[in-house]
Structure formats: C-alpha cells, structure tokens
Amino acid sequence: MRKMIQLPTFDAIRDDFSFLDNWEDRYRYVIELGRALPPMPDDLRIEANKVRGCASQVWLASRIERDGGKSRLHFDGDSDAHLVRGLVAILLVLVQDKTPAEILAVDPRAAFVELGLGEHLTPQRSNGFASMAARVRADAQALAGP
C-alpha cells in the first residue's frame, strides 16, 4: 500500500497549532503541511477529480486499496494555491488509507473548527474545505454502499 510521506497526525497538528503564537505563523505551518504532500500524478489532474465549490483549483482522486479483507481508500490531492494545498493535507491526515466506515465516522469540519481555521480563513476557503470534505465522504459512501 502506498503511503503519504511523513505528515504529522492530527493530534500533532493540533499541538503544533497551540504552540504557534499568531495566525501568520499558523498559515505558514499550513502551507508547510501542503508542501509535505506527495506530488499528484498529472494523469489525475482531470475534470472528474476537480472539487466543485472551491475558489482555487482543487483535485481529489480516490482509489480502493485492499488490505487483507478490508477495502481502504487512498487519496491523492492537490491545489494550485499553497494555503489550500495545506488544507488538503489536513483533510488527508484525517482520512487517508481508512476504511469507508472509518472515514464516515470522521468529522473534518469539526477538526477544521477545532483548529480555529473557520474563524481565520475567508468564507471561500472555509466553503472550499467543506466541499473537499463532502467529496471525501461521497467517495467513502459510494464504496460503503447503501
């Protein structure tokens, strides 16, 4: 199973946020998280993988990987905006290589609020993150079935 390069856990991201004194430092940290994402293959940058509802261009592609008897979803993601790429990284930290049931049990919007991002990002960025989270949930729901 192909894994993301070393992104921190969500708990580590939360802890790092608490140590950063101001939002300028937190923005830089989010951008650094985006830089840690593996490059998205060019053949996945297609219209079908674009996330609607984002002011920036965002691509999310999922694929099923088998792990013993379990199906897990692996995501590739990218954005043309540095800060948004960091938001993609935070989302993927929450859902990467999990089963559909595990993904559906995660609340990315709550994590977004917990980090204080909703209060400090533009409404367009917040709506974009919600659109990305909805896309991930839809992919997990499709795999989970009715």
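Read-outs: derived from the displayed coordinates by stated rules, not from any lab. Note that the structure is predicted; figures quoted are calculated from it, not measured. Glycine also receives a Cβ, built like all others from the backbone with ideal geometry; neighbour counts cover every protein chain displayed.
For this structure, a couple of remarks:
- Centre-to-centre, using Cα atoms only, region 1-61 and region 63-130 are separated by 8 Å.
- Considering only Ser56, Leu7, Leu73, and ranking their Cα positions along the charge dipole of region 1-94 that arises from unit charges at the beta-carbon of Lys, Arg, Asp and Glu, the one farthest toward the positive end is Leu73.
- Computed about the Cα centre, the dipole magnitude for the chain is approximately 460 debye when only Lys and Arg (+1) and Asp and Glu (-1) carry charge, each at its Cβ.
- Exposure proxy ranking, count of Cβ atoms within 10 Å, fewest first, for Ser18, Ser71: Ser18, Ser71
- For Cα extents along the principal axes in Å, the candidate list reads [x] 60, 35, 24; [y] 45, 30, 28; [z] 46, 34, 33; the entry that matches the value derived from this model is [y].
- In the chain, a dipole from Cβ-located charges (positive for Lys and Arg, negative for Asp and Glu) runs towards its positive end, and of Val88, Ile31, Ala101 it is Ala101 whose Cα lies farthest in that direction.
- The string of couplings for region 132-139 from the Karplus curve (6.51, -1.76, 1.60, θ = phi - 60°) is 5, 4, 5, 5, 4, 4, 4, 5 Hz, one whole number per residue in order, with x for Gly and Pro.
- Phi-derived couplings, Karplus 6.51 cos²θ - 1.76 cosθ + 1.60 at θ = phi - 60°, listed residue by residue for region 42-59: 4, 5, 9, 7, 10, 4, 5, 9, 6, 8, 6, x, 9, 5, 8, 7, 9, 10 Hz, with x used for Gly and Pro.
- Database remark: amide H of Gln57 closer than 5 angstrom to the amide H of Asp80, Ala81 (H placed geometrically; neighbours at sequence offset of 5 or more, or on other chains; Pro and chain starts carry no H).
- Per-peptide average of other Cβ atoms within 10 Å, ordering 34-45, 96-107, 128-139 highest first: 128-139, 96-107, 34-45
- Order of Arg26, Arg52, Arg109 - criterion: other Cβ atoms within 10 Å of each residue's Cβ, fewest first: Arg52, Arg109, Arg26
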